[in-house]
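A.B. asks: Below you'll find the structure I mean.
Here, each number is a calculation from the coordinates, and none is a lab measurement. If you're wondering where the values come from, they're calculated on a predicted model, not measured in any experiment. Note that each Cβ is placed from the backbone with ideal geometry, even for glycine, and that neighbours are counted across all protein chains shown.
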Amino acid sequence: MESSVRKLLYVVPRNFDGKYLKDFLTAQGFSQELIKHIKKTLGLDMFHILSVGEEIKIDIIEDESSDIEPNPNLKYEILFEDEDMIVVNKPADMPIHPSQGNHLNTLGNALAAHFNNRNFVYRPITRLDRDTSGVCLIAKNKFSAAIFSEHIAKNLIKRSYLGVVKGNVYNALHINPNLKSIEHLNELTDLELVIDSPIKRVDDSTIERCVAPDGEVAITKVFAIRYIENYDVSLCKFILLTGRTHQIRVHMKHIGFPIIGDFLYNPDYTLIKRQALHSSELLMNHPITHEMMRFDAKIPDDINEIIR
């Protein structure tokens, strides 16, 4: 299988004149693990003293590959791709990772086929539930993965979702006095609220989550967009300020407006056969160029049929 190589070229700026190569690479975002990898594969002296204007050539060699069977028959949309990342619009009913019972139908299988006979370690950065559609970010090399991991930890990668919930969310914003008594729920404007309620795994369950005082911090912004009276559902926009498993689904059930079609938290399939949740927007900085980038995934047909 053909090795993948990401070639990087740096020119030493004045503020690193006389500094060690190791310090320069650390400042560019290279992790200690990656610096060790570069030292081993390229034989570079990390205590080499730099000079202004000196060129530093780094090859990040990918000589391993994830053990994922390729499946070229899976349908998905590539929104963007370069040497460092790939952004896709994942359809519903596609898991992110292969697992028991899902060996050939995942995004990992689709991307293994996309990288046909080239080394590719599967590194999904933003993960979606199987039945949540929309934007997914995948790193293509060790360096971009390390940068993205740091960005995730610092909440620098912003994600927005669109979802359809049961009931009239405007009641929560304007009318329902009981909603405001729920712990950690604060109304910000007449169209926006924040749910700041910790989430943990339900006892004796491997997948289900719930709001609990001893859970992990979880914060979701909710924006009311439209109430569809015929179906008694509301279209909402969600912005995650943390990234807990099932966060939007658990928070909306907690305040009495569950996502429709959700097999765990609201198994009502009258209007849709899967949870009506879509990762619509991703805002981020490129890991190498630092350019601000935005990606949008159009609303899929099954959700569109409800809201239009």
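A.B. asks: For the stretch 53-107, which semi-axes, largest first and in whole Å, follow from the square roots of 5 times the eigenvalues of its Cα gyration tensor? Provide the component values of the computation, followed by the final result.
C.D. replies: Details: eigenvalues 190, 51, 14 Å².
Each semi-axis is the square root of five times an eigenvalue, giving 31, 16, 8 Å.
A.B. asks: Would you list 6, 159, 249 from fewest to most Cβ contacts within 10 Å? Spell out each step's value before the answer.
C.D. replies: On the way: 6 17, 159 20, 249 23.
By the 10 Å Cβ count, ascending, the order reads 6, 159, 249.
A.B. asks: Also: Order of 49, 299, 228 from fewest to most other C-beta atoms within 10 Å? Let's see the in-between values first.
C.D. replies: Working: 49 11, 299 18, 228 15.
Fewest to most other Cβ atoms nearby, the residues stand as 49, 228, 299.
A.B. asks: Can you give me the Cα centroid spacing of the stretch 264-280 and the stretch 96-145 in angstrom?
C.D. replies: After rounding, the separation between the Cα centres reads 23 Å.
A.B. asks: Further, regarding this structure: Starting from the Cα of residue 203, step 7 Å along the direction of its Cβ; do the same at residue 69; then give the gap between the two resulting points in nm.
C.D. replies: Calculated label separation equals 4.1 nm.
A.B. asks: Which residue, 290, 97, 37, tops the fluctuation ranking in a GNM of the chain built on C-alpha contacts under 10 Å?
C.D. replies: 290
A.B. asks: Determine the sum of side-chain charges near residue 32: Lys and Arg each +1, Asp and Glu each -1, restricted to other residues whose C-beta is under 15 angstrom from that of residue 32.
C.D. replies: Numbers: positive: 22, 36, 39, 40, 142; negative: 23, 33, 150.
Once positives and negatives cancel, what remains is +2.
A.B. asks: Work out the FRET efficiency for residue 154 and residue 263 from their Cβ-Cβ distance, taking R0 = 35 Å, and round it to the nearest 0.05.
C.D. replies: Working: r = 33 Å, r/R0 = 0.95.
Calculated transfer efficiency: 0.60.
A.B. asks: Here's something else I'd like to know. Write down the Kirkwood hydrodynamic radius of the stretch 4-62, to one decimal in angstroms, obtained as one divided by the mean of 1/r over all alpha carbon pairs.
C.D. replies: On the way: mean 1/r = 0.0862 Å⁻¹.
In the stretch 4-62 this quantity evaluates to 11.6 Å.
A.B. asks: If I model a spin label at residue 286 and residue 307 as a point 7 Å from the Cα along the Cα→Cβ vector, what separation in nanometres do I get?
C.D. replies: 3.0
A.B. asks: Ok, one more. What residues qualify as long-range amide H neighbours of residue 202, i.e. H under 5 Å apart, gap of 5 or more or another chain, H built at 1.01 Å from N?
C.D. replies: So residue 202 has HN proximity to 208, 209, 210.
A.B. asks: Please list the non-local residues whose amide H lies under 5 Å from the amide H of residue 120, H modeled 1.01 Å from N, same-chain partners needing a gap of 5 or more.
C.D. replies: HN-HN under 5 Å from residue 120: 66.
A.B. asks: Could you go through the stretch 128-135 in sequence order and give the Karplus-derived ³J(HN,Hα) for each residue, using 6.51 cos²θ - 1.76 cosθ + 1.60 with θ = phi - 60°, rounded to whole Hz, and x for Gly and Pro?
C.D. replies: Couplings: 10, 4, 3, 9, 8, 8, x, 5 Hz.
A.B. asks: Largest first and in whole Å, what are the equivalent-ellipsoid semi-axes of the chain based on the Cα gyration tensor, each being the root of 5 times an eigenvalue? Write down the numbers at each step before the final one.
C.D. replies: On the way: eigenvalues 339, 108, 56 Å².
Each semi-axis is √(5λ); the values are 41, 23, 17 Å.
A.B. asks: How would the stretch 88-145 be classified by its alpha-carbon gyration tensor: rounded, prolate or oblate, with rounded meaning a/c under 1.5 and the a/b versus b/c comparison settling the rest? If you can, show how the numbers build up before the last one.
C.D. replies: Values: a/c = 1.91, a/b = 1.30, b/c = 1.47.
Since a/c reaches 1.5 but b/c is at least a/b, the shape of the stretch 88-145 is classed as oblate.
A.B. asks: Most mobile of 120, 238, 80 per a Gaussian network model of the chain (Cα springs, under 10 Å)?
C.D. replies: Highest fluctuation of the listed residues: 80.
A.B. asks: To the nearest 20 Debye, how big is the dipole of the chain about its Cα centre, given +1 on the beta carbon of each Lys and Arg and -1 on that of each Asp and Glu? Show your work: numbers first, answer last.
C.D. replies: Details: 36 positive and 42 negative charges, 50 e Å.
Dipole of the chain, to the nearest 20 debye: 240 debye.
A.B. asks: Spelling out what I want: for every residue of the stretch 291-305, take phi, set θ = phi - 60°, compute 6.51 cos²θ - 1.76 cosθ + 1.60 (Karplus), and round to whole Hz; glycine and proline get x.
C.D. replies: 4, 6, 10, 10, 10, 10, 10, 5, 5, x, 4, 5, 7, 4, 4
A.B. asks: When the chain is treated as a GNM, springs tying every alpha-carbon pair under 10 Å, which of 71, 89, 171 comes out with the largest mean-square fluctuation?
C.D. replies: For the chain, modelled as a Gaussian network with Cα springs under 10 Å, the answer is 171.
A.B. asks: Got the relative contact order for the stretch 77-154 handy, in percent, Cα pairs under 8 Å and 6 or more residues apart?
C.D. replies: Values: 119 pairs, mean separation 26.6, N = 78.
Rounded, it is 34 percent for the stretch 77-154.
A.B. asks: To make sure I understand, if each residue's beta carbon is the centre and we count other beta carbons within 10 Å, what order do 206, 242 fall in, fewest to most? Don't jump to the answer; show the numbers that get you there.
C.D. replies: Working: 206 6, 242 14.
Fewest-to-most Cβ neighbours within 10 Å comes out as 206, 242.
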